[in-house]
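> Quick one: the structure is below, and I'll ask about it shortly.
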Amino acid sequence: MARNKILSTLVLYPLSKLFGIGVELRNLLFKWHILKQHIFPVPVIVVGNIAVGGTGKTPHAEYIIGLLKTRYHVGVLSRGYRRSTKGYIPVTDRSTPLDVGDEPYQMFHKYSGDDTFFAVCEDRCKGIRRMLADDNKIDLIVLDDAYQHRYVKPTVSIVLTEFNRPAFFDHLMPYGRLREPADALERAEIVVVTKCPEKLKPLEYRIFKNNLKLFHYQKLFFSRFVYREPVPLFPNDAMSRPSMPYLGADTTILAIPGIANPRPFVNYLKRFRANVKVKVYPDHHNFSRKDLEMIASRFKSIDAPNKFIITTEKDAVRLLNNPYFPIELRPYIFFIPIVVEFESQNGETFDQTLLTLVRNSTLSVERKSKTNDV
């Protein structure tokens, strides 16, 4: 173990330094206006992180969409990570997770009925232009996972860092998980510490406030996940619905998360009396026929009066659309939705802060437009 750590340090640490030089050079090119940022006629809210995976970006993006959709006609643009397609594609009822990516698919099916426009495109500038052309009612854009996509000038940047893996204790890739140095947080108007425990200690607040070293104009908030009751993946086939607090020791759960950091999800399941067996898959994993056969075999081998398969909401969209999913497992598989809950800071709430920033930016754009007209 010690030898592996030494080898990792000798090889990966120098590579992370080279990576950092490249990141710093790129950021300087934007700062010196050699690389140009594009400004759009509507507010652009960027939601992202400076670490690779696991900060809870999708639930926070959904929270932000839910907050803004009642006040604006929102367009949501994602890259569509690990989709099988290329270029600009609007998300529709005919789309599949393979077409547009699992996260855009999930968000679309939550909010498409609210007149929110969803699309995917690797080139965010091109994607925004196409969205505004396709739907001229859009008056606000949410860019999902785009903090490093600096060709778009954001109106408000919201950056997430995880409570158990904060940016200030991490290193640049490949030695660590950071896409950019921790001081890249200075570009954000709002920094959110995610996946916090239910009750934060005063010392924990101080650790983050002192180590993040934010400027006076930046706002810091803390959020946590609230897990809901399990939902059947196939409602017409489910014979019974488990309620986590009431499951006894005679129940066994087979958990099959395929997310970047499954630990909070697994820890939540283990809080209750049921026995929990875990099979972890990579983030955004596309379950193969062999994977599902192995899950079915393992589930069949569980000797318990009551047994269920429980997965995450993000995995559920891939499993629901998987042609290899065994019919005999349909009555037993459930997913657990999660919602985001924010703590207010010094009398300010996350909602108030974001809405004020967007409103002020909109008024600024209107004033400039009137001045230009004159």
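The values are calculated or read from the model by the stated rules, or taken from the named source; none is laboratory data. Since we're looking at a predicted model, the values are computed, not measured. Using ideal geometry, Cβ is built from the backbone for each residue, glycine included, and neighbour counts are taken over all protein chains shown. Please note that ligands, DNA and RNA were not included when accessible areas were found on the heavy atoms of the full protein model with its side chains. Shrake-Rupley method; radii C 1.70, N 1.55, O 1.52, S 1.80 Å.
> Counting only the backbone N, which residues of segment 39-58 are under 17 Å from the spot 7 Å out from the Cα of N360 toward its beta-carbon?
In segment 39-58, the label zone of N360 (backbone N under 17 Å from the point 7 Å along Cα→Cβ) covers 43-46.
> Let me ask another. Compute, for E293, the solvent-accessible surface of its heavy atoms (probe 1.4 Å) with the complete set of protein chains present, and express it in square angstrom to the nearest 10.
110
> Among Q352, M294, Y13, whose Cα lies farthest out toward the positive end of the dipole of the chain, if unit charges sit on the beta carbon of Lys, Arg (+1) and Asp, Glu (-1)?
Of Q352, M294, Y13, it is Y13.
> Give, in nm to one decimal, the length gained when the segment between V278 and L15 is fully stretched (0.36 nm per residue of separation minus the Cα-Cα distance).
So the extension gain works out to 91.3 nm.
> Test of understanding: extend the Cα→C-beta vector of Y217 to 7 Å, then name every residue of segment 160-201 with backbone N under 16 Å from that spot.
Within reach of a label on Y217, which here means backbone N under 16 Å from a point 7 Å along Cα→Cβ, segment 160-201 contributes 185-191.
> What Kirkwood hydrodynamic radius do you get for the chain when you take the inverse of the mean 1/r over all pairs of distinct Cα atoms, in Å?
Its Kirkwood hydrodynamic radius stands at 22.5 Å.
> If you put +1 on each Lys and Arg Cβ and -1 on each Asp and Glu Cβ, how big is the dipole of segment 74-136 around its Cα centre, in Debye rounded to 20?
Dipole about the Cα centre, nearest 20: 300 debye.
> Taking amide H positions as placed in the peptide plane 1.01 Å from N, state which residues far from H38 in sequence (5 or more) or on other chains have amide H under 5 Å from it.
Those qualifying (amide H under 5 Å, at least 5 residues apart or on another chain) are V152, K153.
> When the Cα centres of segment 272-347 and segment 1-66 are compared, how far apart do they sit, in Å?
Rounded to whole Å, the Cα centres lie 30 Å apart.
> For segment 242-374, what relative contact order do you get, as a whole percent, if you take Cα pairs closer than 8 Å and at least 6 residues apart?
24
> Next question. Rounding to the nearest 20 debye, state how big the charge dipole of segment 38-143 is about its Cα centre with +1 on each Lys and Arg Cβ and -1 on each Asp and Glu Cβ.
240
> By Kyte-Doolittle mean hydropathy of at least 0.0 and Cα axial length of at least 24 Å, which whole DSSP H helices of the chain are selected?
What comes out of the filter, once short or polar helices are dropped, is 2-31.
> Report Y147's accessible area, 1.4 Å probe, all protein chains in place, as a number in Å² to the nearest 10.
Number for this one is 10 Å².
> Determine the dipole magnitude for segment 152-217: charges of +1 sit on the beta-carbon of Lys and Arg, -1 on that of Asp and Glu, nothing else is charged, the reference point is the Cα centre, and the result goes in debye to the nearest 20.
100
> With the contact rule set at Cα under 8 Å and sequence spacing of 6 or more, what percent relative contact order holds for the chain?
Result for the chain is 18 percent.
> Take every Cα pair under 8 Å in segment 186-315 that's 6+ residues apart, average their separations, divide by the length, and report that relative contact order as a whole percent.
25
> At 222 nm, what helix-only mean residue ellipticity would the chain give, in deg cm²/dmol to the nearest 500, using -39500 (n - 2.57) for each DSSP H run of four or more?
-11000 deg cm²/dmol, from helical runs alone.
> As an exercise, identify the trypsin sites (Lys or Arg not before Pro) in segment 1-84 lying in DSSP coil whose Cβ has no more than 15 other Cβ atoms within 10 Å.
Within segment 1-84, the qualifying trypsin sites (Lys or Arg not before Pro) (loop, at most 15 other Cβ atoms within 10 Å) are K36, R71, R82.
> Now, a different point. Which one, D250, D144, D123, has the greatest fluctuation when you compute a Gaussian network model over the chain with C-alpha springs under 10 angstrom?
Looking only at D250, D144, D123, the biggest GNM fluctuation is shown by D250.
> On to the next question. Count the DSSP beta bridges whose two residues both fall in segment 150-272, then state the antiparallel fraction as a percent rounded to the nearest 5.
Here the antiparallel bridges make up roughly 10 percent for segment 150-272.
> Report the label-to-label distance for S288 and T85 in nanometres (one decimal), using points 7 Å from each Cα along the Cα→Cβ vector.
According to this spin-label approximation, the distance is 2.6 nm.
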